[in-house]
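**Student:** There's a structure below that I have some questions on.
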Amino acid sequence: MAKTKMLSHLNYLLSVLILTLLFSFTFFSTTTKSDGDSDIVGELLTLQSQSKSGVIRLTDDLLRRILSPPRRTFSFLVFFDAVQLHKKAELRLPILKSEYSLVASSFLANNQGTPDQSKLFFFDIELEESQHSFSLFDVTSLPHIRLVDPDVKTLRDSGKLDQGDFSRLADSMAEFVESKTKIPVGPIHRPPMFSGKQIAFFLVVVMIWTPYAFKKIVAGKTLLHDYKFWLFGAVFVYFFSVSGTMFNIIRKMPMFLADRNDPSKMIFFYQGSGMQLGTEGFAVGGLYTLVGLLLAFTTHGVMVFTRIGPRIGVEITNMLRFYLYFEVELIMIVMNQ
């Protein structure tokens, strides 16, 4: 009987010991995972606070430490950059990087002090500094932005922004992030076009110039009273409209490009649709403006020529019509090339 009780007590103590060990192991494992993730999150928050835009420079060593915890509780975006490619206007890397930084700073401003701040981080990575990380993501072309979710095990399988996600720049990037991570980025905070000092200086200049301008307006001695001002203004607006200058300004198109096959040669007319260079716009706009001025001169000068004599007036008019037709054909040839 005593022996049976002793065995029962030993079994009970052994069961308690096993349960205690299992509980301790589970607790230690959970604590280790949590501490590992919390350490890297704390480090990233520190780096984020040190960045003016909230974008953290990603290196091979930092990426290794981010991926080292067995469980990650945050997502992160990576903008892949290469300084040597900034001169290629068709890639628009400086513009996209600026818009990417704008998304990061807006997210930080809208989520400062909230739990979402530690759930999403923004990185940029330079090709010359971290070629190994480029290979891990299998990046072969730029521009390139990747979104790495907490569940992603292989960086090659991370989400990629398509070209359509760059269409509206910062707004498109923010929509992509919100749709994939379900984390609100918030409104985009773009810097004002003019600073407070510039606005104050402008107001002072206007206040000083107003009495002088009022005196000139009353006396009728301003540019607004000169027909030449309106004449040149109309020609300028016409040229601005037909040359595609607004397209060049919005897209920040260069005047010309270097030929990839022969860098010593320059490309002034882009062979393709959906794009034009500055020189092409000025050339076509100049031809259209010339034709428009000839047409205006023809319609306005017919009456003057007919006063010289019906026959001479008709001959001059026919010459002008022929020249106008020639210019139109020249424009069509240039446009079709």
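**Student:** Out of 176, 194, 202, 232, report the one residue that is free of Cβ contacts under 8 Å to residues at least 60 places away in the same chain, surrounded by 10 or more Cβ atoms within 10 Å (Cβ to Cβ) and in contact with an Asp or Glu (Cβ under 7 Å, 6 or more places away or on another chain).
**Tutor:** The match here is 176.
**Student:** Test residue 46 against the stated conditions and say whether it is modelled with pLDDT of 90 or more, more than 21 Å from the chain's Cα centre (by Cα) and farther than 30 Å from residue 277 by Cβ. Can you show your working first?
**Tutor:** Working: modelled with pLDDT of 90 or more: yes; more than 21 Å from the chain's Cα centre (by Cα): yes; farther than 30 Å from residue 277 by Cβ: yes.
Criteria met by residue 46.
**Student:** Report, ordered by the first and then the second residue, all pairs with beta carbons closer than 7 Å, sequence separation of six or more or different chains, a first member in region 31-56 that is surrounded by 13 or more Cβ atoms within 10 Å (Cβ to Cβ), and a second member that is aliphatic (A, V, I, L, M) and modelled with pLDDT under 90.
**Tutor:** Every condition considered, no pair remains.
The rows are residues; the columns are (1) surrounded by 12 or more Cβ atoms within 10 Å (Cβ to Cβ); (2) not hydrophobic (A, V, I, L, M, F, W, C).
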site: 223; (1), (2): no, no
site: 239; (1), (2): yes, no
site: 254; (1), (2): yes, yes
site: 257; (1), (2): yes, no
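**Student:** Can you pull out every residue in region 139-194 that is farther than 19 Å from residue 53 by Cα, out of contact with any strand residue (DSSP E or B) (no Cβ under 8 Å at 6 or more places or on another chain) and among the small types (Gly, Ala, Ser)?
**Tutor:** Hits for region 139-194 are 141, 164, 167, 179.
**Student:** Right, here's the next one. Taking region 196-235, which residues are under 30 Å from residue 292 (Cβ atoms) and either among the polar types (S, T, N, Q) or in contact with a helix residue (DSSP H, G or I) (Cβ under 6 Å, 6 or more places away or on another chain) (or both)?
**Tutor:** 222, 223, 229
**Student:** Right, something else. From the list 210, 245, pick out the single residue that is surrounded by 12 or more Cβ atoms within 10 Å (Cβ to Cβ) and of a type in the set (Ser, Thr, Tyr).
**Tutor:** Result: 245 is the single residue among 210, 245 that is surrounded by 12 or more Cβ atoms within 10 Å (Cβ to Cβ) and of a type in the set (Ser, Thr, Tyr).
**Student:** Between 91, 102, 63, 120, which is of a type in the set (A, V, I, L, M) and surrounded by fewer than 19 Cβ atoms within 10 Å (Cβ to Cβ)? Before the answer, list the steps.
**Tutor:** Numbers: 102 fails: surrounded by fewer than 19 Cβ atoms within 10 Å (Cβ to Cβ); 63 fails: surrounded by fewer than 19 Cβ atoms within 10 Å (Cβ to Cβ); 120 fails: surrounded by fewer than 19 Cβ atoms within 10 Å (Cβ to Cβ).
The conditions single out 91.
**Student:** Report every pair of residues separated by at least 6 positions or lying on different chains whose Cβ atoms are under 9 Å apart, first residue within region 136-152 and closer than 16 Å to residue 82 by Cβ, second modelled with pLDDT of 90 or more and basic (Lys, Arg).
**Tutor:** Listed by first residue and then by second, the contacts come to 137/146; 139/146; 143/97.
The values are calculated or read from the model by the stated rules, or taken from the named source; none is laboratory data. These numbers were taken from a predicted model, which means no experiment stands behind them. Quick reminder, even Gly has a Cβ in these numbers, built from the backbone with ideal geometry, and neighbours come from all protein chains shown.
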